[in-house]
Amino acid sequence: MNNMLKNLVIWLVIGLVLMTVFNQFNTRQTAQAPMEYSQFLDEVKSGRISKVTIEGRQLKATTQDGKRVTSYSPGDIWLVSDLLKYGVKVEAKPEEEPSLIMNIFVSWFPMLLLIGVWIFFMRQMQGGGRGGAFSFGKSKARMLDESTNTVTFADVAGCEEAKEEVSELVDFLRDPSKFQKLGGRIPRGVLMVGNPGTGKTLLARAIAGEAKVPFFTISGSDFVEMFVGVGAARVRDMFEQAKKHAPCIVFIDEIDAVGRQRGAGLGGGNDEREQTLNQLLVEMDGFEATVGVIVIAATNRPDVLDPALMRPGRFDRQVVVPLPDIRGREEILKVHMRKVPLAPDVKADIIARGTPGFSGADLANLVNEAALFAARKNKRLVDMDDFEMAKDKVIMGAERRSMVMPEEERKNTAYHESGHAVVAKLLPKTDPVHKVTIIPRGRALGVTMQLPTEDRYSQDRVRLLNTITVLFGGRIAEELFMNQMTTGASNDFERATELARRMVTQWGMSDELGPMVYGENEGEVFLGRSITTHKNVSETTLQKVDAEIRRIIDEQYKLARKLIEANRDKVEAMAKALLEWETLDSDQLDDIMAGKPPRPPKVVAATTAAMGGAANDGAAGTAAPASPAV
């Protein structure tokens with residue numbers, strides 16, 4: 001409402017200014033032009049003038065019919081006698097001279113008004129009420145209090161260690177003497193590091209909700225502008241405000257926007273971003289002590305930050321906010337499920353077991369998608385089926401049932417996915433196959449989904465080799481049963497080659513080359529980490545690396561072909577079932593591998609019993625299990 005009133009006043013002022021200017025212009029244009037003196041004398045002689053008022057040289061005459069005309073006398077000394085001669089009444093008045101102030105006001109008022117309106121708009125565009133043209137250097141940090149932020153530690157789950165680290169800050173701000181009497185000092189800064197979606201910003205908001213102190217929040221990109229020196233000025237202004245409200249907390253989100261390594265890149269070092277970083281370094285640990293001001297920063301790129309920013313005294317503490325484990329995922333799901341009406345069959349622990357590798361943001365999206373599925377079917381409660389469909393959508397992509405696929409291509413996809421699934425079923429140390437489908441999802445024409453039975457934090461050599469073998473199962477099935485090769489296996493080959501290359505060059509899993517890193521420098525050019533580095537591998541060694549990668553690929557390809565040729569009947573049965581039912585669950589797959597006819601599909605969209613993690617293939621026209629992050 002205030003903004004509407006303010007806009008209305010602005011437009012009224014503009015309207016008045018325009019009216020004043022146009023009225024003055026029209027008045028000057030439409031004022032009657034003075035009559036020529038010779039014509040005026042002719043009017044007098046003809047008897048049409050009845051009265052004349054003389055004001056200096058200006059003659060204001062009234063005609064017989066009541067009209068008023070004006071003229072100017074050139075100093076004619078016989079004018080009065082001529083007027084009296086022809087019976088004209090004569091009146092004389094002294095010439096009125098307007099005051100200087102009035103002249104200036106009348107002449108300059110419209111221009112001054114226009115200048116005032118222009119200055120007003122410039123102040124609005126530049127931050128108005130906070131210093132006008134000088135507001136570029138003002139900090140954009142927003143101060144939060146209890147009324148504007150309701151998030152607390154109860155709303156944060158899945159990162160108990162990180163929560164414990166930052167909750168100590170809240171205790172210190174509430175009761176500093178508890179730590180100071182033992183010689184401890186408050187940390188200058190806390191850097192929160194973690195993958196996207198793990199809850200770094202949410203954790204910072206929870207600190208703001210728990211601590212009864214002012215909380216300033218700003219994004220790293222808010223410091224950088226097109227004008228030189230603005231970033232450094234905003235850093236100074238932000239810390240000046242923070243010192244006035246000490247003790248307080250300053251939260252900088254995505255600090256890598258201004259905290260990147262100095263002196264790096266392709267264009268020299270002295271740029272606006274580096275000036276901003278230098279000022280930040282000085283403010284955090286310079287000559288002026290920032291007593292009571294704690295800086296909390298969040299980033300998912302700690303590798304690009306400047307070393308001076310990471311040292312103790314600036315960021316004394318680094319808090320890692322990891323991807324949640326199974327218990328963490330369960331707690332996160334319970335937090336998000338509070339807002340959703342759940343059916344009695346919904347089990348958060350089962351869903352948590354089926355979503356390894358999910359971040360907090362992914363789990364929030366999963367709950368939201370399940371609620372949307374329930375709403376589409378006009379359900380009153382969100383049940384387990386909705387969560388299963390939501391999980392499939394998040395992991396594999398949305399179904400594209402409207403896609404019309406030629407029968408030959410559909411059959412090729414069925415054999416392709418059957419090849420992946422049979423190899424995965426036969427090999428040890430592979431994740432159990434949870435579901436196989438030839439319904440196009442996302443960019444893939446089919447998906448083979450494998451679910452880990454537990455969280456895994458590292459990979460061994462046998463598991464990696466078996467993963468490569470599973471990736472080749474799709475292409476081999478196409479060759480053996482369809483007598484053709486398609487582009488659907490392109491992503492399978494890409495991932496298999498990448499795994500083999502890393503095994504040889506980074507993980508030391510080659511007997512021929514041993515435990516040594518052979519990879520080229522992979523530092524980013526704009527961080528200055530690869531411009532000056534020299535090639536550390538000889539050409540001969542690179543040839544050995546290529547040969548070793550080739551050997552791993554060939555051996556696993558032969559193994560996959562051997563397994564599929566020895567189990568042709570299982571691949572045939574699985575492809576036939578896929579063409580009939582489009583989707584097979586783990587129970588049906590077990591039946592096929594045991595040589596029994598597969599049981600009919602369940603009524604529900606998917607099984608809700610024993611679920612683990614998930615992976616899918618993202619390439620169009622192919623699907624294979626994705627190896628967990630290593």
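Brief remarks on what is shown
- Note on D591 and D65: their simple-model spin labels are 11.3 nm apart, each label 7 Å out from Cα toward Cβ.
- Centre separation in Å (Cα based) which lies between segment 185-264 and segment 570-587: 54
- Straight-distance crosslink candidates among lysines, where the alpha carbon sits under 24 Å from K93 and sequence neighbours closer than 8 are dropped: K45, K51, K60, K67, K85
- Packing here is the average count of other Cβ atoms within 10 Å per residue, and on that basis the peptides 321-327, 73-79, highest first, run 321-327, 73-79.
- Relative contact order, whole percent, for segment 278-429 stands at 17, derived from Cα pairs under 8 Å and 6 or more residues apart.
- Two-site FRET efficiency, R185 against R376, from Cβ-Cβ distance with R₀ of 51 Å, rounded to 0.05: 0.35
- Close amide H contacts of V250 (hydrogens built in the peptide plane, cut-off under 5 Å, sequence separation of 5 or more or a different chain): F216, I294, V295, I296.
- Segments 84-93, 545-554, 584-593 sorted - mean Cβ within 10 Å per residue, highest first: 584-593, 545-554, 84-93
- Annotation note: GluC sites (Glu not before Pro) in segment 394-463 located in DSSP loop regions with a Cβ neighbour count of at most 14 within 10 Å are E454.
- With 0.36 nm allotted per residue and the present C-alpha distance subtracted, the E408-S46 stretch has 119.1 nm of extension available.
- Carbon plus sulfur fraction of accessible area for segment 150-265, probe 1.4 Å, in percent: 50
- Set of segment 199-220 residues, backbone N closer than 11 Å to the point 7 Å along the Cα-Cβ line of T152: 209-211
- The residues R380, R441, R57, sorted by heavy-atom accessible surface at 1.4 Å with ligands and nucleic acids left out, run R380, R57, R441 from largest to smallest.
- Farthest positive-ward along segment 289-379 dipole, Cα basis, beta-carbon charges - from G357, V340, V295: V340
- Under 5 Å, built H, 5+ apart or other chain: amide partners of V320: V193
The values are calculated or read from the model by the stated rules, or taken from the named source; none is laboratory data. As the structure is a computational prediction, the values presented were derived from the model and not from experiment. Backbone-built Cβ (ideal geometry, glycine too); neighbour counts: all protein chains shown. These area figures cover heavy atoms from the full protein model, side chains too; ligands, DNA and RNA do not enter into them. Shrake-Rupley method; radii C 1.70, N 1.55, O 1.52, S 1.80 Å.
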